[in-house]
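Trainee: Before I ask anything, let me first share the structure, which is written out below as structure tokens.
What follows is calculated from the coordinates using simple rules that are stated; it is not laboratory data. Since the structure is predicted, the reported quantities are computational estimates derived from the model, not experimental observations. Reconstructed Cβ throughout: ideal geometry from the backbone, glycine too, with neighbour counts over all protein chains shown.
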Amino acid sequence: MPTGHLLQDIDSKELRRLFEAFVVHCLSRLVDQGFVTANQINQSNWYVLLADDNSRLVSEGFLAGTSLDNNQRPYIVFDTQQSLRDQIWAIPHEAIHLAQICKGDFLPCWGYSLWKGRRFEKLAADHPKYFEDQPWEKEARALEDPIRKHFYQTYPDLRVQ
């Protein structure tokens with residue numbers, strides 16, 4: 001499958017399984033590194049959603065996002081209007097956010113987030129200090145490159161050029 005392929009053209013069940021497998025790969029690396037425990041991940045009962053063009057994710061300009069549903073189950077949502085290549089790039093970052101939630105460090109809420117018990121107001125994706133002023137984003141950015149590198153070593157055909 002070409003990585004520039006639009007996700008909306010791929011069967012949704014297959015696409016969800018593909019993303020779940022890639023997220024599991026990244027989470028396994030985070031467990032191996034001692035960032036999160038397998039038990040914390042397994043107890044969370046996380047899942048993957050696919051967004052359509054009417055979703056809030058799309059309107060706010062994100063490729064993907066990680067949050068909690070109404071039952072406090074963590075999930076990662078992917079924008080199906082983007083290419084597979086773009087989504088593959090986003091997966092390690094979102095897997096880190098999922099691990100942060102599973103550890104209890106990060107709690108995304110409506111309009112704000114809690115990071116290790118401290119409240120932070122939500123910043124727009126294009127805010128100049130989006131990564132600097134949101135510690136969960138700063139941590140994810142610091143951890144994502146080694147996770148992404150291992151991911152591309154395992155799946156070299158999916159490397160973003």
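Trainee: Please work out which residue is farthest from Asp86 (Cα to Cα), limiting yourself to the stretch 12-44 and to residues that are free of Cβ contacts under 8 Å to residues at least 12 places away in the same chain and aliphatic (A, V, I, L, M).
Mentor: Filtering the stretch 12-44 for residues that are free of Cβ contacts under 8 Å to residues at least 12 places away in the same chain and aliphatic (A, V, I, L, M), the one farthest from Asp86 (Cα to Cα) comes out as Ala38.
Trainee: Among the residues of the stretch 110-123, which ones are exposed (fewer than 11 other Cβ atoms within 10 Å of the Cβ) and under 15 Å from Thr66 (Cα atoms)? Working first, answer last.
Mentor: Let us first name the residues in the stretch 110-123 that are exposed (fewer than 11 other Cβ atoms within 10 Å of the Cβ), namely 110-111, 117-119, 121.
Correct list: Trp110, Gly111.
Trainee: Go through Leu143, Leu50, Leu98 for me and flag whichever is surrounded by 15 or more Cβ atoms within 10 Å (Cβ to Cβ) and in contact with a Pro (Cβ under 7 Å, 6 or more places away or on another chain).
Mentor: The unique qualifying residue is Leu98.
Trainee: Can you tell me which of (1) of a type outside the set (Ser, Thr, Tyr); (2) within 15 Å of Leu27 (Cα to Cα); (3) in a helix (DSSP H, G or I) is the one Ile76 doesn't meet?
Mentor: For Ile76, the failing item is (3).
Trainee: Only residues that are of a type in the set (A, V, I, L, M, F, W, C) and more than 22 Å from Trp89 (Cβ to Cβ): list them for the stretch 111-161, please.
Mentor: Leu114, Trp115, Phe120
Trainee: Still on this structure, please answer the following. Are there any pairs, at least 6 apart or on different chains, whose C-beta atoms fall under 8 Å, with the first in the stretch 144-160 and under 11 Å from Arg29 (Cβ atoms) and the second of a type in the set (Gly, Ala, Ser) and buried (at least 16 other Cβ atoms within 10 Å of the Cβ), and if so, which?
Mentor: The qualifying pairs are Ile147/Ala95.
Trainee: For the stretch 53-87, name all the residues that are in contact (Cβ under 8 Å) with a residue 12 or more places away in the chain, of a type outside the set (Asp, Glu), in contact with a strand residue (DSSP E or B) (Cβ under 9 Å, 6 or more places away or on another chain) and surrounded by fewer than 14 Cβ atoms within 10 Å (Cβ to Cβ).
Mentor: Arg73
Trainee: May I ask you to say which residue of Ala95, Ala90, Ala140, Ala99 is touching a His at 6+ places or on another chain (Cβ under 6 Å) and part of a helix (DSSP H, G or I)? Let's see the steps before the verdict.
Mentor: Working: Ala95 fails: touching a His at 6+ places or on another chain (Cβ under 6 Å); Ala90 fails: touching a His at 6+ places or on another chain (Cβ under 6 Å); Ala99 fails: touching a His at 6+ places or on another chain (Cβ under 6 Å).
Step by step, each of Ala95, Ala90, Ala140, Ala99 is checked, and only Ala140 is touching a His at 6+ places or on another chain (Cβ under 6 Å) and part of a helix (DSSP H, G or I).
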